[in-house]
Structure formats: C-alpha cells, structure tokens
Amino acid sequence: MSEKKQQVSRRQFLNYTLTGVGGFMAAGMLAPMVRFAIDPVLQATGASDMQPVIDVSEITDEPQKVDWTFEQVDAWYTSDTTRSAWVYKNANDEIVALSPTCKHLGCAVNWAGNSDYPDQFFCPCHDGRYYKNGLNVPNTPPGAALDLFEMQVEEGTLYLGDVKENPVTSPEEEGGA
Ligand code: FES
C-alpha cells in the first residue's frame, strides 16, 4: 500500500502566505475606517436628555414661556439647540409643560395672545386657539392638542425632555403628567 505524501508546493505556499498577510493588512486598514463611519450613529444623542429649565418656585398658575439651550449631537454634527415651553401649575398644584408649536402648521402659540380670549393659547398664523390644558378649541384650525413635555423635578429644578402626545379630551381636565 503506497502512502500518498501531502506536499505543499512552493506556489501554494506563496499563495497561502500572501493571502493571509494581505487579509491581515486589509483588516487593519479597514477597521478604523468602519469605526469612524459608524461610531457617531451608535452613540446616544443628547436629544432625549432631560434639560434644566426653571426653578420650580418660579412656576405659578399663569402659563409662562421658558427657553433653554443645549448641545445636541446628531451623528457627526453638534449644534446648539434652543427649545421653549409654556409652563404652569394646574389646580392640583401639578406642573404642566406644553409645547409652543401649533399643531396646525407649526407656528408658535402665545398664552393670552388674543385679548378676546385671555384664558387661551392663541396662534397668530391662522387664529388657532387652545384651552389652558392644551386642548385645541373646536372649529379653529388646529386638529390636535398641544404636545406635552416629559418632565421631572430634581432638587427644586424642573427638567424637560422630549414631547409626547397630550391626552386631554375636554377643557375641564387639568392636564399635565
Ligand atoms: S399654524 Fe397655528 S393656526 Fe395655523
């Protein structure tokens, strides 16, 4: 019985060696590029972070506009972003923080912006109106209630985050939470 010798020819040896070394070098060059390309996407953005906006002791039952600026990281781009909210305490002494963005076409609403409706939010673009809890007044252009900000209170300071849908369904509800 003859034994077959398994021999590697010089050509095969060179092929294996060059393929191995070439692959190793290519991986070494590509890894940093891939990491550079996708790393910012994998990192959390600052958009959903809670931001300090006002001392709770300054909040009254009258809606007041608060503005705050924070650094927003959007993949490779970092920018200063300014946001606003209408903040007040409802009859249950709970804080309500409403988005100022009109749900019709996105203009900014103002509290008591129309002297005919001193207890409502008013949008000057198309005369949109909202009750104090953010619910849109029927037969005015907006088709939904003003959004609510997610909030938390820490050491006497109000922090606001992203907006969410406002669940109010009637003007009598206090809103918030
Ligand atoms: S954008 Fe506010 S009513 Fe049209």
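Every number here is computed from the coordinates shown, using simple stated rules; none is lab data. Since we're looking at a predicted model, the values are computed, not measured. Glycine also receives a Cβ, built like all others from the backbone with ideal geometry; neighbour counts cover every protein chain displayed.
Of the residues Ser84, Ser57, Ser99, the one that moves most in a GNM of the chain with alpha-carbon contacts below 10 Å is Ser57. Please say if the stretch 89-128 is rounded, prolate or oblate, where rounded means a/c under 1.5 for a ≥ b ≥ c the square roots of the C-alpha gyration tensor eigenvalues, and otherwise the choice is prolate for a/b larger than b/c and oblate otherwise? Oblate is the answer for the stretch 89-128, as a/c is 1.5 or above yet b/c matches or exceeds a/b. The residues packed around Pro52, meaning those with a beta-carbon under 11 Å from its beta-carbon, carry a net charge of -4 if Lys and Arg are +1 and Asp and Glu are -1.
Across Gly20, Gly134, Gly156, mean-square fluctuation computed from a Gaussian network of the chain (C-alpha pairs under 10 Å connected) peaks at Gly20. Taking Cβ separations below 4.7 Å as the criterion for a possible disulfide partner, the chain contains no isolated cysteines. Read phi for every residue in the stretch 61-76 and hand back ³J(HN,Hα) as whole Hz from Karplus 6.51 cos²θ - 1.76 cosθ + 1.60, θ = phi - 60°, with x for Gly and Pro. Values per residue, Gly and Pro as x: 7, 9, x, 10, 8, 10, 10, 8, 10, 9, 8, 10, 9, 10, 6, 8 Hz. GNM on the chain, alpha-carbon springs under 10 angstrom: the most fluctuating residue among Trp76, Trp68, Trp86 is Trp76. Summing charges over neighbours of Ala144, with a neighbour being any other residue whose Cβ is under 9 Å away from its Cβ, gives -1 when K and R count +1 and D and E count -1. Computed 3J(HN,Hα) for the stretch 51-60, one whole-Hz value per residue from the Karplus formula 6.51 cos²θ - 1.76 cosθ + 1.60 where θ = phi - 60°, is 10, x, 10, 6, 6, 4, 5, 8, 8, 10, glycine and proline marked x.
Under 1.5 on a/c is rounded, so check that first for the stretch 46-164, then, if it is not, pick prolate when a/b is larger than b/c and oblate when it is not; a ≥ b ≥ c are the square roots of the alpha carbon gyration tensor eigenvalues. Oblate is the answer for the stretch 46-164, as a/c is 1.5 or above yet b/c matches or exceeds a/b. Taking amide H atoms as placed 1.01 Å from N in the peptide plane, the amide H of Ala112 lies under 5 Å from those of Gln120, Phe121, Phe122, each 5 or more residues away in sequence or on another chain. Counting only alpha carbon atoms, the long axis of helix 10-42 and the longest principal axis of the chain meet at about 10°.
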